[in-house]
1. For the range 108-131, give me each residue that is under 14 Å from SER26 (Cα atoms) and either among the aliphatic types (A, V, I, L, M) or touching a Phe, Trp or Tyr at 6+ places or on another chain (Cβ under 6 Å) (or both).
2. Pull up the range 69-85, narrow it to residues that are loosely packed, with under 13 Cβ neighbours inside 10 Å and not hydrophobic (A, V, I, L, M, F, W, C), then point me to the one that is farthest from SER24 (Cα to Cα).
3. What about PRO62, is it at pLDDT below 90 and either in contact with a helix residue (DSSP H, G or I) (Cβ under 9 Å, 6 or more places away or on another chain) or surrounded by 19 or more Cβ atoms within 10 Å (Cβ to Cβ) (or both)?
4. State all residues of the range 140-162 that are more than 19 Å from TYR3 (Cα to Cα), of a type outside the set (A, V, I, L, M, F, W, C) and within 15 Å of the chain's Cα centre (by Cα); if no residue qualifies, say none.
5. Conditions: (1) crowded, with 16+ Cβ neighbours inside 10 Å; (2) of a type in the set (A, V, I, L, M, F, W, C); (3) in a strand (DSSP E or B). LEU46 meets all but one. Number of the miss?
6. Kindly indicate whether any position in the range 39-57 is farther than 20 Å from GLU125 by Cα, modelled with pLDDT of 85 or more and of a type in the set (S, T, N, Q).
7. List the residue pairs whose Cβ atoms are under 8 Å apart, where the first residue sits in the range 10-35 and is surrounded by fewer than 20 Cβ atoms within 10 Å (Cβ to Cβ), the second is among the aromatic types (Phe, Trp, Tyr), and the two are 6 or more positions apart or on different chains.
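The values are calculated or read from the model by the stated rules, or taken from the named source; none is laboratory data. Note that the coordinates shown come from a computational prediction; the quantities given were computed from them, not determined experimentally. No Cβ is skipped: glycine too gets one built from the backbone with ideal geometry, and neighbour counts run over all protein chains shown.
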Amino acid sequence: MGYDYRKKLTAEGQQHSNACWAASVSWWMSAMALHNKRTPYTQTDLLADFNKHALAAGGSVPPSEMRKIFESAKIRIELKFMPPAELKNSNFDTPCIVIFKYPAAGGTHMNVVFDRQGDTVMCMEPFYPLVAKPTGERTGTYIRRPINFFAQTPEIGFGYLPLKDSLNGTAE
C-alpha cells in the first residue's frame, strides 16, 4: 500500500470540459511538492500558460502538444505511450498520470493514479460530477478503479516523475 495522498490533498475538478489535463497536472504537481522539490502549479495558471497548445486542436490537447506541456521546464513529467496491458507492470510508488479513452468524458481523458492495491489503483478523477455546474466546473473526486479500467484504447499515455528526480527528492 502506498502513500494516501487523499489525506493531504483534495481532489481537483476540471474548470471546463477540456481541462482534465490542467486539473490532473495541477494535482500531480501539488502531490510532488509534498515529497520532492516541486512547486505547485494551479490549474488556472496552467490553462493561461499552455492554452495555445489546447487552442491549436479546438480545445483538446493532442499527444504531441501534451508532450510539450509535460516536458516543459516548469512541469517535467516523463511521458511515454504504451499498450494498456503494460500498465499492470508500471511503478506507482509516486502518483502517475494516465491518458486514456473515456466515453463518459467524451473522448481522451486523464486521471492521476496512486496507491496500488492488488489490481486496483486510487484515482484522482477531475471529471466529477458528470453533470457540471452551470459555469462548466466540476469538483473532482477520488475513486478506486481496477487497472484494466484504462484498457478501452489501443494505447495509453503514462506520465511519471523522472527517475533522477525520484532518487534524490530534489527536483528543482
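1. Passing the criteria: MET110, VAL112, VAL113, MET124.
2. Result: PRO83.
3. For PRO62, the condition - at pLDDT below 90 and either in contact with a helix residue (DSSP H, G or I) (Cβ under 9 Å, 6 or more places away or on another chain) or surrounded by 19 or more Cβ atoms within 10 Å (Cβ to Cβ) (or both) - is met.
4. GLY140, GLY157
5. Unmet condition: (3).
6. Yes, because at least one residue in the range 39-57 is farther than 20 Å from GLU125 by Cα, modelled with pLDDT of 85 or more and of a type in the set (S, T, N, Q).
7. LEU34/TYR5; HIS35/TYR3
Residue-by-condition table, conditions (1) more than 21 Å from GLY13 (Cβ to Cβ); (2) at pLDDT 95 or above; (3) of a type in the set (Ser, Thr, Tyr):
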position: ALA73; (1), (2), (3): yes, no, no
position: GLU86; (1), (2), (3): yes, no, no
position: PRO103; (1), (2), (3): no, no, no
position: VAL131; (1), (2), (3): no, no, no
position: THR153; (1), (2), (3): yes, no, yes
position: GLY169; (1), (2), (3): yes, no, no
